[in-house]
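Quick notes on the structure that follows.
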Amino acid sequence: MNFQYETKHLILKILEPSNHSAKQVLDFYIKNRIIFERYEATRSADFYTKEHQKLILTNEFNFAITKKCIRFWVYEKNNPDFPIGTICFYNIVHSIYDRCETGYKFDSRYWHKGYAKEAMAFGISLMFQELNLHRIEAYVMKENKASIRLLRNLNFQYEGICRQAIRVRGSWEDHILFARIR
């Protein structure tokens with residue numbers, strides 16, 4: 001597996017841990033903090049520091065080498081200096097499962113341009129072909145209509161409600177489970 005790919009409009013990169021990459025990622029999170037935090041775990045104050053982002057990038061880089069977690073940072077081809085989003089395939093398990101979970105975040109200025117769909121379609125294909133996975137799961141809060149629409153457009157199927165599945169902002173929240181089978 002490569003650490004950088006190109007699609008029609010995008011560049012997808014697994015970032016090496018560096019001060020420059022950490023600054024790009026930190027800026028991405030700070031610009032979208034209010035939107036992202038509605039759907040995520042409570043973040044510690046140090047999450048929003050360059051040092052913490054560099055530590056996360058180091059861990060993600062090491063996980064990518066062992067193919068336990070693959071996070072791509074997404075850039076527009078015509079603006080390769082600022083990440084516009086990220087897609088992640090995590091909890092990758094082989095043996096009898098050959099499955100993973102997925103998630104994604106995009107800067108709100110780049111919504112409704114087809115970039116999330118383009119990046120995810122590429123990532124899904126990569127997981128099925130290069131990692132030989134059989135199943136990809138996605139958990140979504142029921143009020144996240146845009147994410148539900150994206151998953152349906154990517155041929156994920158509704159499987160049910162997972163009660164109190166994920167702690168978001170300190171509370172256990174129900175999530176809808178979607179899955180796509182190769």
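Please pick out the residue among D81, D27 that is acidic (D, E), part of a loop (DSSP other than H, G, I, E, B) and either in contact with a strand residue (DSSP E or B) (Cβ under 9 Å, 6 or more places away or on another chain) or under 24 Å from E118 (Cβ atoms) (or both).
Values: D27 fails: part of a loop (DSSP other than H, G, I, E, B).
Testing whether each residue is acidic (D, E), part of a loop (DSSP other than H, G, I, E, B) and either in contact with a strand residue (DSSP E or B) (Cβ under 9 Å, 6 or more places away or on another chain) or under 24 Å from E118 (Cβ atoms) (or both) leaves just D81.
Take the residues in the range 47-106 that are among the polar types (S, T, N, Q) and within 9 Å of the chain's Cα centre (by Cα); name whichever of them is nearest to F3 (Cα to Cα).
Taking the range 47-106 first, the residues among the polar types (S, T, N, Q) are 49, 53, 58-59, 62, 66, 78-79, 86, 91, 95, 102.
Next cut, within 9 Å of the chain's Cα centre (by Cα) only: 86, 102.
Details: T86: 14, T102: 18 Å.
My answer is T86.
Could you say which residue among N19, N32 is in contact (Cβ under 8 Å) with a residue 60 or more places away in the chain, farther than 30 Å from L133 by Cα and not hydroxyl-bearing (S, T, Y)?
Numbers: N19 fails: in contact (Cβ under 8 Å) with a residue 60 or more places away in the chain.
Answer to the selection: N32.
Kindly provide the set of residues from the range 81-102 that are of a type outside the set (V, I, T) and in contact with a helix residue (DSSP H, G or I) (Cβ under 9 Å, 6 or more places away or on another chain), ordered by number.
Filtering the range 81-102 down to residues of a type outside the set (V, I, T) leaves 81-83, 85, 88-91, 94-95, 97-101.
Selection gives D81, F82, P83, G85, C88, F89, Y90, C100.
Of all residues in the range 90-118, which are of a type in the set (A, V, I, L, M, F, W, C) and in contact (Cβ under 8 Å) with a residue 24 or more places away in the chain? Lay out the reasoning, then the answer.
So the first thing to find is which residues in the range 90-118 are of a type in the set (A, V, I, L, M, F, W, C), and the list is 92-93, 96, 100, 106, 111, 116.
I92, C100, F106, W111, A116, listed by residue number.
Can you tell me which residue in the range 65-89 is surrounded by the most Cβ atoms within 10 Å (Cβ to Cβ), limited to those that are touching an Asp or Glu at 6+ places or on another chain (Cβ under 9 Å) and more than 20 Å from M127 (Cα to Cα)?
That would be P83.
Of the residues E101, E118, E76, E137, only one is in contact with a Ser or Thr (Cβ under 9 Å, 6 or more places away or on another chain) and within 23 Å of V25 (Cα to Cα); which?
Numbers: E101 fails: in contact with a Ser or Thr (Cβ under 9 Å, 6 or more places away or on another chain); E76 fails: in contact with a Ser or Thr (Cβ under 9 Å, 6 or more places away or on another chain); E137 fails: within 23 Å of V25 (Cα to Cα).
One residue alone meets the criteria, E118.
Out of the residues in the range 30-46 that are assigned to a loop (DSSP other than H, G, I, E, B) and within 15 Å of the chain's Cα centre (by Cα), which is nearest to G114 (Cα to Cα)?
Residue satisfying both the conditions and the ranking: N32.
Looking at (1) in contact with a Phe, Trp or Tyr (Cβ under 8 Å, 6 or more places away or on another chain); (2) buried (at least 17 other Cβ atoms within 10 Å of the Cβ); (3) β-branched (V, I, T), find the lone condition where I92 falls short.
All conditions pass for I92, except number (1).
No lab work stands behind these numbers, since they all come straight from the coordinates. As the structure is a prediction and not an experimental result, all values here were calculated from the model. Positions of Cβ are backbone-derived with ideal geometry, glycine not excepted, and every protein chain shown enters the neighbour counts.
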